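The values are calculated or read from the model by the stated rules, or taken from the named source; none is laboratory data. This one's a predicted model, so the numbers in the text were calculated from it and none came from an experiment. Cβ placement follows ideal geometry from the backbone for every residue including glycine, while neighbour counts extend to all protein chains displayed. Areas reflect the complete protein model, heavy atoms only, side chains present, ligands, DNA and RNA absent. Shrake-Rupley method; radii C 1.70, N 1.55, O 1.52, S 1.80 Å.
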Amino acid sequence: MTAKVFCIGFHKTGTTSLAEALQVLGYRVTGPNGVRDPDIANRVRPMAWELVEKYDAFQDNPWPILYKELDARYPGSKFVLTVRSTESWMRSQLKHFGERETAMRKWIYGDAHGCPQGNEEVYVRRYETHNREVLEYFRDRPDDLLVMELAKGDGWEKLAPFLGKPMPAIAFPHANKAGDRALVAKLLKKGKAQLAHMGVHLA
């Protein structure tokens, strides 16, 4: 049986790219999960245990928060910690989530800190503490934890051997890059302008 792979880096650390890479390697991937559930704090564990039976790999929320329980329940699993500089991670949090509160973020960061805007210190502390605790937890188990920093070029040369998979002959995926999003926005704007010139107006 293929070992389960739990991606336990916080959201906005390259989790989407890692998910695409795992799919290339043949894994059935899920995540994020439960992000729209207003009662996620109470339902997260039954949801997680059910999903583990259906998929091979798991990424984004809520998986990083459950890594110790997952390790105990599913021995032999592999864990991947994606990281990026604290400064760039916080900028991404503010850019993408701003003042929007969610039950998931309240569960992770505390009931009074459901959005990053105005709670920067809390978010930074939680992020950095998580990364330190993961490294400490797996300190004597190098075969079970892989740390990847995709922004610095980590890719197949780390991931494939760690999972015992052959090296793919395609480039490592890089999803949700800021440059890619800017290009899409530019193309959409240009397309709308062209349609407006033709008398078609989009909302």
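Proximity of backbone amide H atoms, modeled 1.01 Å from N, is registered between Val147 and Leu81 at under 5 Å, excluding neighbours fewer than 5 places apart on the same chain. Loop-located GluC sites (Glu not before Pro) in the range 1-88 (DSSP state not H, G, I, E or B) with no more than 16 neighbouring Cβ atoms inside 10 Å: Glu53. When +1 charges are put on Lys and Arg Cβ atoms and -1 charges on Asp and Glu Cβ atoms, the dipole computed for the chain relative to its Cα centre reaches about 740 debye.
Membrane-span-like helices in the chain, defined here as complete DSSP H runs extending at least 27 Å along the helix axis by their C-alpha atoms with mean Kyte-Doolittle hydropathy no lower than -1.0, are 178-197; this is a sequence and geometry rule, not a statement about a membrane.
Under the combined filter of DSSP loop state and at most 13 neighbouring Cβ atoms within 10 Å, the range 26-68 retains these trypsin sites (Lys or Arg not before Pro): Arg28, Arg36, Lys54. Sequence-distant contacts, meaning Cα pairs under 8 Å at least 6 residues apart, place the relative contact order of the range 4-156 at 31 percent. Measuring nothing but protein heavy atoms, the accessible surface of the range 62-168 at 1.4 Å probe radius is 49 percent carbon and sulfur.
Rounded, prolate or oblate: which fits the range 72-148, taking a ≥ b ≥ c as square roots of the Cα gyration tensor eigenvalues, rounded meaning a/c under 1.5, else prolate when a/b beats b/c? Don't jump to the answer; show the numbers that get you there.
Details: a/c = 2.59, a/b = 1.91, b/c = 1.36.
Because a/c hits 1.5 or more and a/b exceeds b/c, the range 72-148 counts as prolate.
Values of log10 I(q)/I(0) for the chain across q = 0.11, 0.14 Å⁻¹ run -0.57, -0.88, by the Debye formula with one identical scatterer at each alpha carbon and no solvent. Coupling constants for the range 71-78 follow from the phi torsions by the Karplus curve (6.51 cos²θ - 1.76 cosθ + 1.60, θ = phi - 60°), and in residue order they are 4, 6, 7, 10, x, x, 6, 10 Hz; glycine and proline get x.
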